[in-house]
Amino acid sequence: MIESELDEVPALQIHYKFEHSRDAIQSVTNYEVDFAIVSSTFQHADIKKIKLWTENIELFSKSGKMEKTVIVNQTMLNAEKILKKLKPENVRWVNDYGVLQSILENNNVMGLLPNTLLSKESPLKSLQRFNPAFEISLIYRTD
């Protein structure tokens, strides 16, 4: 268990926060944090990148059918590009993926989610998968 392991190293402190990948990259670059997990492709001479997994953005709905309204997380990197392809009648923005998923599971709307966020028990059905896939990586400074 993590707590017992951390108890053995009392000088170790772990703090975490959720932020845009571009801000997390900047934090690592500026020595503000030791590492970050980001969804971004970039190159930087002083940053080491280790690929953790790949995920796609997918369009989901409870009904498995196209709906008039699409719900989108305002932090999603490719949201505007995807919305131009979809041309939905209504777009609603939220700032939390958990809230977005709850709205999708309880209403007749569509939503854009990273496919890795859904549990196997989720009643949501995929309507469309968008490319390119996003690489999720651990990044840290090499110096």
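So here's what we get for this one:
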quantity: Residues located in segment 103-143, provided they are more than 22 Å from D23 (Cα to Cα), within 16 Å of the chain's Cα centre (by Cα) and free of Cβ contacts under 8 Å to residues at least 24 places away in the same chain; calculated: S119
quantity: Whichever residue in segment 86-102 is in contact (Cβ under 8 Å) with a residue 12 or more places away in the chain and aliphatic (A, V, I, L, M) and, among such residues, is nearest to Q128 (Cα to Cα); calculated: L86
quantity: Residue among A36, A45 that is within 30 Å of D143 (Cβ to Cβ) and touching a strand residue (DSSP E or B) at 6+ places or on another chain (Cβ under 7 Å); calculated: A36
quantity: Filter result (at pLDDT 95 or above and of a type in the set (F, W, Y)) within segment 85-131; calculated: W93
quantity: Of all residues in segment 1-41 being open to solvent by 100 Å² or more (accessible area, probe 1.4 Å) and of a type in the set (D, E, K, R), the one that is modelled with the lowest pLDDT; calculated: E3
quantity: Where Y31 falls short, out of the listed (1) closer than 12 Å to L112 by Cα; (2) touching a residue at least 12 places away in the same chain (Cβ under 8 Å); calculated: (1)
quantity: Verdict on I136 being over 18 Å from K65 (Cβ atoms) and open to solvent by less than 60 Å² (accessible area, probe 1.4 Å); calculated: yes
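The values are calculated or read from the model by the stated rules, or taken from the named source; none is laboratory data. Because the structure is a prediction, the values reported are computed rather than measured. For neighbour counting, all protein chains shown are included, and Cβ atoms are generated from backbone atoms with ideal geometry for every residue, glycine included. Note: accessible area is taken over every heavy atom of the protein model, side chains too, but ligands, DNA and RNA are not part of it. Shrake-Rupley method; radii C 1.70, N 1.55, O 1.52, S 1.80 Å.
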